[in-house]
Each structure stands twice: as C-alpha cells, then as structure tokens.
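S.K.: Got a structure here, written out as structure tokens. Questions coming.
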Amino acid sequence: MNIKKVGLTALAGSLVATSAFAGSLSLSGGAKLSYVQKEGTIATMDTAGRFAMDQEISASGSGELDNGFTVSVSHGLSGSGAEGSDTSTLTLDMGDMGSLVYNDTDGHSGLAGLEDFMPMAYEQANDGLGTTGTVAVMAKMASGQGFGYSTTLGGASVSIGFSDNLAASTNRSDGGQDTTAAGANSSSSIAVSFDAMDGLTVKAGVGSEGQADGKELDHTTVGFTYAYGPATFGYQINDEDDSAAAGSDYETEIYGISFMVNDNFSISYGEHNTSLANNDVDQEAESIQASYSMGGMSINFKDSEMSGVANAEANTHETTEVLVTFAF
C-alpha cells in the first residue's frame, strides 16, 4: 500500500540556479518476524527470547530540475533499539554524467558495495556469526556517512566512495556540525564491475582507510560470478593490509553457489574463510540457505556455523534462523 502526499517542495538552488520544483513523497512499509537459535562457545542469546519482530517504514520522493537532472530523496526507519537504524539518502542523477549520492548513515558506494557479492538465497555466509570487526575483511568500509559517485565507462560500471566513517548514532542535522568524532579514519575507494561474457561478471576494487594512529588500512578485492541456467557460481578474495608495524593483515576467501528451483524458490550454499597473518587458526564460516516468495510474503531460512571466531581455535558459533517478511 502506498500513501501519496502531493505538494512537497524541495529547493534546488544549491544544485542549479533555477526555481524550486514540486514532487511527491511515497510512504511504504513492511514487517519482519524471525525465529533465531544460537549455540556455541561465544553464543550469548537467551533461549527464551528466540522470536523477534522488526518494522520497516520508508518515505521517498523525486523531482526534475530545469536542466533535466533528477533529484531524489529517501528516508528510512528500520526496527527499534540497538538493532534499529535510521538512514537518509539524497541522489542527484545527471544522466550520462552519472549519479552523485550522499548517505548519512551507512552508504555502500565504492568498495563497500563489494564486501561480499557471492550468489546467495538469503544473506552472507558469515551474517549473524562471530563478533563485530572479526567476521569480514572490509567491514568498516561500509560504515559511516559519506558520498558516492557512479557511472558507466566502456561497458564497465564504476563506483567511487568517500566516507568520514562517523558513527551512525551521531547527530548531523542540516546546518549543524558533528563534533563527537574526529575525521582521522576517513576512507576512500573505487569499485569496478564488468560483464566479460554471457553469464560472467568480474568485479574488483581498491580502497584505503585512515586510522587514529596516522597509519592506513589498505583494502583490495577481486572476484567473479558466473550464471549458467538456474545455477550461479561465485568466488571472491579480499585482502586487508595494515601499514602499522604491529598491525594485523587479513585475507578472506568467499565461495558461493545458488540454484533457482523455480521462480519462487531458491537455495544456496556459501563459505566465508578468513586467515590472519602469523596465526595458524582460520576463521571459517559456512551456510546453507533457502528462500521462498509468495506475493507480498517471503520465507527465508539459514543454518550457519563458524569455527575459529576471531582466529581463536576455542571460539565457535552456530545460528539457525527463519525470517518471514511482509511487504505492504
């Protein structure tokens, strides 16, 4: 169900020297009901609280400037408490010149969009496993507000991202300035995607992230996906190199295969394995997933486990999840 509010006015004076344009906001929403069971040495879940509900509401609108450019905005509210997040995105579509976007919470431009692009029925193989910062190389590249630019060059899709990596909880109302964090750990990156042949897509990216000690984390990724009939295969390798003398270097290999049983039902298997330099223990995750859609309702399932969490042999984590979503 969409609710229209006609008459929203957005001022375009900061973009081009024209008069204001009129647009509309479209309000949409959804709901999620999940069942989650976690086990393992680092599992901290209360066994009595396995059911949870999430809510999603978003408002979006767009308008055209006198020069033909299109400006669109979206505001989203997802869930509540620690798991909830508010996000706003402003996009300037310049046609053949590409698109410029600003996201105030959690942008995915540049390398952040390639953190894990393997085929999957539901989520990343390592999703919901381990601890923050130990489950994925390049995870920090996807955090914080920032700008993005995307365009097409010679048949390749190019995405450039820049972020101050400020926390999502900081207040950045228009006209104000966030003073709760320094910009020492800003990041910049570029990602390229190219359809090399029928069914084969190759993706790669590089980026760097500043640290509080003045050193940098350098990130690279390269991989491919190949679709053949109802099956899609993928392989990706991510590297994170810390320039500090006592820094930690990581390498992650990701595998994935998905299969479309029919138009409504898909299954997948994935692995997400991270090695730490000078450490004999690898962090290894694997996940079996399935997804079934029926009109505005979808049912998602995953059974995942991780060993060597944070590259420590004694750490294990397992999770089983069923998620039912409703769009309206």
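S.K.: Restricting to the stretch 86-138, and then to whatever is of a type in the set (Gly, Ala, Ser) and more than 30 Å from ASP66 (Cα to Cα), can you tell me which residue is modelled with the lowest pLDDT?
M.R.: GLY133
One line per residue, one yes/no per condition, for (1) in contact with a Lys or Arg (Cβ under 8 Å, 6 or more places away or on another chain); (2) touching a residue at least 40 places away in the same chain (Cβ under 8 Å):
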site	(1), (2)
GLY199	no, no
GLY214	no, no
GLY234	no, yes
SER243	yes, no
GLY256	no, yes
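S.K.: Something else about it: Hey, could you check the stretch 32-48 for residues that are modelled with pLDDT of 85 or more and either surrounded by 15 or more Cβ atoms within 10 Å (Cβ to Cβ) or among the charged types (D, E, K, R) (or both) and say which is nearest to ALA59 (Cα to Cα)? Don't jump to the end; show me each part of the working.
M.R.: The initial filter retains those residues of the stretch 32-48 that are modelled with pLDDT of 85 or more, namely 32-41.
If we keep only those that are either surrounded by 15 or more Cβ atoms within 10 Å (Cβ to Cβ) or among the charged types (D, E, K, R) (or both) as well, we get 32, 34, 36, 38-40.
On the way: LYS32: 18, SER34: 24, VAL36: 29, LYS38: 34, GLU39: 38, GLY40: 40 Å.
Only one residue fits best here, namely LYS32.
S.K.: Right, here's the next one. So TYR250 clears everything in (1) surrounded by 15 or more Cβ atoms within 10 Å (Cβ to Cβ); (2) at pLDDT 95 or above; (3) aromatic (Phe, Trp, Tyr) except one condition, right? Which one?
M.R.: (2)
S.K.: Would you mind finding the one in SER243, SER187, SER193 that is hydroxyl-bearing (Ser, Thr, Tyr), over 28 Å from SER88 (Cα atoms) and modelled with pLDDT of 75 or more?
M.R.: SER243
S.K.: Under 6 Å by Cβ, and 6 or more places apart or on different chains, what pairs join a residue from the stretch 284-310 that is at pLDDT 95 or above with one that is of a type in the set (Lys, Arg)?
M.R.: SER287/LYS302; GLN289/LYS302
S.K.: Could you please find all residues in the stretch 272-328 being among the aromatic types (Phe, Trp, Tyr) and in a loop (DSSP other than H, G, I, E, B)?
M.R.: Selection gives PHE328 alone.
S.K.: If you don't mind, another one. Could you list all residues from the stretch 1-25 that are surrounded by 15 or more Cβ atoms within 10 Å (Cβ to Cβ) and modelled with pLDDT of 60 or more?
M.R.: Hit for the stretch 1-25 is LEU25, nothing else.
S.K.: Looking only at residues that are in a strand (DSSP E or B) and either among the β-branched types (Val, Ile, Thr) or at pLDDT below 95 (or both) in the stretch 254-271, which one is nearest to PHE233 (Cα to Cα)?
M.R.: Checked the stretch 254-271; the qualifying residue nearest to PHE233 (Cα to Cα) is ILE257.
S.K.: Another question, if that's okay. Do we have PHE233 as closer than 24 Å to MET197 by Cα, out of contact with any Leu (no Cβ under 8 Å at 6 or more places or on another chain) and in a strand (DSSP E or B) here?
M.R.: Criteria met by PHE233.
S.K.: Consider only pairs whose beta carbons are under 9 Å apart and that are at least six residues apart or on different chains; among these, list those whose first residue lies in the stretch 94-112 and is at positive phi and whose second residue is among the hydrophobic types (A, V, I, L, M, F, W, C).
M.R.: From residues that are at positive phi, the pairs are GLY95/PHE69; GLY98/VAL158; GLY110/MET141; GLY110/ILE160; GLY110/PHE162; GLY110/ILE190; GLY110/ALA191.
The values are calculated or read from the model by the stated rules, or taken from the named source; none is laboratory data. Computed from a predicted model, the values in this text were never measured in an experiment. Backbone-built Cβ (ideal geometry, glycine too); neighbour counts: all protein chains shown.
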